[in-house]
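First the structure, in the form of C-alpha cells, and then the observations on it.
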Amino acid sequence: MFKIMYKKELSPGIFHMDIEAPRVAKKAKAGQFIVLRVDEKGERIPLTIADFDVEKGTITLIFQVLGASTMQLSALNEGDSIVDFAGPLGQPSEINGNMGTVVCIGGGIGVAPVYPIARAMHEAGNKVISIMGAKTKDILIFEDKMRAISDEVIIATDDGSYGVKGFVTTALQQLVDRGEKIDQVTAIGPGIMMKSVCDATRPLGIKTIVSLNPIMVDGTGMCGGCRVQVGDEMKFACVDGPEFDGHLVDFNNLMSRGRMFREQEAKAKEHVCNIGLGR
Amino acid sequence: MALVLEKHKMPEQDPQVRAHNFQEVALGYDEETAVAEANRCLGCKNPQCRPGCPVGIDIPAFIGKIKERDFDSAISIIKESSSLPAVCGRVCPQENQCEKNCVLTHKGESVAIGRLERFVADYQLDKNEEVKPIEFAPDAQKVAIIGAGPSGLTCAGDLARKGYKVTIFEALHVAGGVLSYGIPEFRLPKDKIVKREIDNLQKMGVTIEVNSIAGRLFTVDELMDEMGFDAVFVGTGAGLPHFMNIPGESLNGVYSSNEFLTRCNLMKAYDFPNHATPIVMGKKVAVVGGGNVAMDAARTSLRLGADKVYIVYRRSEAELPARAEEVHHAKEEGIDFKLLNNPVEIIGDENGWVKSLKCIRMELGEPDASGRRRPVAIEGSEFELDVDTVIMAIGNGPNPIVASTTPGMDTNKRGNIIADEETGATTKEGVFAGGDIVTGAATVILAMGAGKKAAAAIDEYLKSKK
C-alpha cells in the first residue's frame, strides 16, 4: 500500500498529492512517470512525476479529474492509501549544462511535469524561460514554483485574465519577435497545444521536445497501446519516451488514439458516481 | 485387459454455451475416469514419454500411483520435478512432448498424460493442505529473481527448496507473468489455479515483491552490490509486442494481442465497469497469427460479444503453431480460419477507426529456414475482409529494460540475453537467465525447464562461492 502524505486542491478539479514511495523517489528523474492503481478493481493509470523528495520519500503528482480513476483518486484524503504504485518509468529528460537558452512551455496541467525538467535545466546552468498557459487565471498552477527556477516567466491566458491574452504560442512568438535566441523548446500539455508549438518552431528550426501521455496499460513496453508514429518509426511512449522530437510526432494520430475509449470512459465515470466512490 | 485405443474424453462445456462465458472450457477427469485412463498405461520398461518432458517428470511412476489410487504419492512424484503442475496439466503442448512418444501412439492415441497431471494437481489443490514453510538457515544465501512468470516461479521454488532465500521482483501488480496477463481465464483459471499455486510458493517461504521494475527501481548491479543478493536470475519474458509494419496499425480498433489479453485477463475488462479498465470490442474481429496467443485472442473476442471472428494466417492448417487442442476448441466455438492469407493494410474510416482488413492470398512454396514451406503472395489476389477490430498476435520481442541497464550481460542482435543452454549462465558472473527473454517467445513448460536448469546451476555456483 502507498500512503497519501499530502493533498491539496490547487484549483477546481486539479489536485496535488504527495505519495509515499521512498524507493521510487530515490530513483526518479525529471521527465519520468509512474503508473498507479487506486484500488483492487482499479485501472492502471500513468501520471507524470511533478516532483520528488528523496528525504521524505515522496513523489508529487498533479492531476486533473477527467475520468473514473482520477475522480476516485481525488476522493481520497491524507492518510489514505492506494494499492499499487510503480515507477519510475520511461527515459529521463536529456539535460546537460550546454543547452543554452531553453524555453519550457507548460499548458494547463502540463505545467506540473515541466517543472522538474525546467528546474534540472536551470540547475545545470542553462537559461530557462518558462511559458505557462491556462484557460483563465484561476486555474493556473505552480506559478511560484516556476518563478523560483526560471530566469523569466511569461504567462498566457486564453481570456486575458492574467499575462498575455492568447495561447502559449502567442507568448512564444513574442520571444521570437524580440530577438531571443532560442536553442531548445520543451513543451508539455494537451496534444493540440504541443502540435501548435511544433508547428510554430518547425519553420524556425528550433529543436522541440514534447512529452507524450498516451493511453497505456502496463507502462513497461508490454501492451503497445502507447504506440506513436515518430517519423518513419513506430515508438512506444512508455519505454522509448515519453519525450520525443516534436517535429516528427504524428499528433493527429496521437489525438485520435486518445479518443479510443471515450465512450467507455464516460460509462466508467458514471459508474464511480453511482456507487459513491467519487466525490 | 483389452487395449483401449482412445483417450478417455475430457468433459467440456458445450461449445455454444462456453463461447459466451469465461468459465473453464475443460472440466477435468473425475476419479474413476482418471484411474481408468491411468490403466491404459502399459508401464513400459523403457518409457519414451519421460524424455519428452522438458522438466523430466517421472511420468510412469506418477501414473502407476494413480492406478493404485494413491493420488497423494502421484502428485508428490510430479512435484519433485515441477512447481506448477495444475498449470502444466492445462497449458502444456503434450502432443508434441511426452504424449508424442507414448508407445500407444503406434496403434491409437497416447495415454492422456496431461489430463492425468491436471487431475492429481487439482486433487491436491482442492485438499487445501497446509504448506509447510521452509526453515532457512540464518546464513542462507540470497537469490533475486526478476520476473514472476513461469521460469522465475520455477527457479524460485527449486532454490527455496534447496534452502536459499529467494525474492522475486515483479513489474506488474500481480505475479504470474503470462499465466496472469496472457492465458485467458477459460483456459487457466486465475483465482482457482494460478493464484493458489503462487500462494503456495509464498507460504513455502518465497518472497514476491510486485510493482518492482528491475532496471528502473534498481539495477542488477545494485541487487548484488548493495541489496545483498548472491546471485540473480533474469526471467523477464518476451514482453514487447511485434506489429507487421503495414499501414493502418495505429487506427482505433487495432490491438496487440498483449494489450487485448492484458485488458481482459489481468485487468478483468470483461467485468467493466465493476473493474475500471475498459475494452472496446467490435462485432467483426480479425486476429492475425496462428499461435496459441492468436487462438486465445480469437476465443476471448467471442466471449466479449463479437459476432464473427476470423483467424488470418499466412500459412496453411498444417503449419499452425498453436496446440491442436486450441485449434480444435476454436473451430468448435465457430472461429472462422482464413488460412493462406496475409494482411497488407488496415483500412480506416473517416473517424480513424478500423473499417476493413486488406489481405492477399498466399500459396506455399519451398521450405524456409524454419523447415516450413514458405508462403508466397499470389499477385493480384488482394481482397478486403469486413472487420471493425484487428488484433495482432504475431509474436513478441524481448523487453530491453533489464538488459540495457546491466553492463556485462550480453544480448544477441535480436536483444535476447545470451545464456548457456544447460545452465542459464549469462556473460556476467552470478547472473543467470532463462525463458522467453533468452529463447524468444516459446511455451510455459520450456520456460519452466529453463528456470529449473538455472536453479540447479545457481545452486552449484553458490556452493562453489561459499
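Filter region B:326-344 down to the residues that are acidic (Asp, Glu) and open to solvent by less than 60 Å² (accessible area, probe 1.4 Å), then identify the one that is farthest from B:ALA26 (Cα to Cα).
B:ASP336
The set of residues from region A:246-279 being among the small types (Gly, Ala, Ser) and either open to solvent by 60 Å² or more (accessible area, probe 1.4 Å) or more than 8 Å from every other protein chain (Cβ to nearest Cβ) (or both) comprises A:GLY246, A:GLY258, A:ALA266, A:GLY276, A:GLY278. Inside region B:242-262, residues that are more than 9 Å from chain A (Cβ to nearest Cβ) and at positive phi make up a count of 1.
Across region A:14-31, what is the total count of residues that are of a type outside the set (A, V, I, L, M) and in contact with a Pro (Cβ under 6 Å, 6 or more places away or on another chain)? Result for region A:14-31: 3. Helices (runs of 4 or more DSSP H) fully within region B:357-466 that include at least 2 residues being more than 14 Å from chain A (Cβ to nearest Cβ): B:436-439, B:444-465. Condition (residue is part of a helix (DSSP H, G or I), free of Cβ contacts under 8 Å to residues at least 24 places away in the same chain and open to solvent by less than 30 Å² (accessible area, probe 1.4 Å)) applied to region B:72-94: is it met by at least one residue? Yes. Against the criterion of being buried (at least 20 other Cβ atoms within 10 Å of the Cβ), away from every other protein chain (no Cβ under 14 Å) and of a type in the set (A, V, I, L, M, F, W, C), A:VAL217 does not qualify. Please verify whether region B:7-22 includes one or more residues that are within 26 Å of B:LEU302 (Cβ to Cβ), charged (D, E, K, R) and without any contact (Cβ under 8 Å) to a residue 12 or more places away in the chain. Checking region B:7-22: at least one residue is within 26 Å of B:LEU302 (Cβ to Cβ), charged (D, E, K, R) and without any contact (Cβ under 8 Å) to a residue 12 or more places away in the chain.
Right, B:PHE186: more than 14 Å from chain A (Cβ to nearest Cβ), aromatic (Phe, Trp, Tyr) and in contact with a Lys or Arg (Cβ under 8 Å, 6 or more places away or on another chain) or not? It is true that B:PHE186 is more than 14 Å from chain A (Cβ to nearest Cβ), aromatic (Phe, Trp, Tyr) and in contact with a Lys or Arg (Cβ under 8 Å, 6 or more places away or on another chain). Among the residues of region B:208-241, those that are part of a loop (DSSP other than H, G, I, E, B), facing chain A (nearest Cβ under 9 Å) and surrounded by 18 or more Cβ atoms within 10 Å (Cβ to Cβ) comprise B:ASN211, B:SER212, B:ILE213, B:ARG216, B:LEU217, B:GLY237, B:GLY239. Being over 19 Å from the mean Cα position of the chain (by Cα) and within 14 Å of chain A (Cβ to nearest Cβ) is the requirement here; does B:THR167 meet it? Yes. Scanning region B:347-356 for residues that are assigned to a strand (DSSP E or B), open to solvent by 20 Å² or more (accessible area, probe 1.4 Å) and either touching a Cys at 6+ places or on another chain (Cβ under 9 Å) or without any contact (Cβ under 8 Å) to a residue 40 or more places away in the chain (or both) yields one hit, B:LYS355.
Remark: pairs (first residue in region A:6-29, in contact (Cβ under 8 Å) with a residue 60 or more places away in the chain and within 13 Å of chain B (Cβ to nearest Cβ); second residue open to solvent by 50 Å² or more (accessible area, probe 1.4 Å) and part of a strand (DSSP E or B); Cβ separation under 8 Å; 6+ apart in sequence or on different chains) = A:ILE19/A:LYS3; A:ILE19/A:MET5; A:VAL24/A:PHE52; A:ALA28/A:PHE52. When B:ILE279 is tested against (1) farther than 23 Å from B:GLY248 by Cα; (2) surrounded by 15 or more Cβ atoms within 10 Å (Cβ to Cβ), just one condition goes unmet, and that condition is (1).
The rows are residues; the columns are (1) open to solvent by 30 Å² or more (accessible area, probe 1.4 Å); (2) touching a helix residue (DSSP H, G or I) at 6+ places or on another chain (Cβ under 9 Å); (3) closer than 18 Å to B:SER257 by Cβ.
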| site | (1), (2), (3) |
| --- | --- |
| A:SER196 | yes, yes, no |
| A:PRO203 | yes, no, no |
| A:ILE206 | no, yes, no |
| A:MET222 | no, yes, yes |
| A:CYS226 | no, yes, yes |
| A:VAL230 | no, yes, no |
| A:MET234 | yes, no, yes |
| A:ASP240 | yes, no, no |
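Over 20 Å from B:TYR123 (Cα atoms) and under 27 Å from the mean Cα position of the chain (by Cα): does that describe B:PRO11? Judged against the criteria, B:PRO11 is not a match.
For region A:155-181, give me the residue count where each residue is among the aliphatic types (A, V, I, L, M) and open to solvent by 20 Å² or more (accessible area, probe 1.4 Å). Step through it out loud before you land on a result.
Quick first cut of region A:155-181, residues among the aliphatic types (A, V, I, L, M) only: A:155-156, A:164, A:168, A:171-172, A:175-176.
Now narrow it down to the ones that are open to solvent by 20 Å² or more (accessible area, probe 1.4 Å): A:164, A:176.
So the answer is 2.
Looking at B:PHE22, B:PHE62, just one residue is at pLDDT 90 or above, assigned to a helix (DSSP H, G or I) and in contact with a Ser or Thr (Cβ under 9 Å, 6 or more places away or on another chain), and that residue is B:PHE62. For region B:368-385, the criterion of a residue being open to solvent by 20 Å² or more (accessible area, probe 1.4 Å), closer than 27 Å to B:VAL280 by Cα and modelled with pLDDT of 95 or more is satisfied by at least one position. Note on region B:263-283: residues that are closer than 26 Å to A:ASN252 by Cβ and either more than 10 Å from chain A (Cβ to nearest Cβ) or hydrophobic (A, V, I, L, M, F, W, C) (or both) total 4.
The values are calculated or read from the model by the stated rules, or taken from the named source; none is laboratory data. On a predicted model such as this, the values are computed, not experimentally measured, just so you know. Quick reminder, even Gly has a Cβ in these numbers, built from the backbone with ideal geometry, and neighbours come from all protein chains shown. All accessible areas refer to the heavy atoms of the entire protein, side chains included, with ligands and DNA or RNA removed. Shrake-Rupley method; radii C 1.70, N 1.55, O 1.52, S 1.80 Å.
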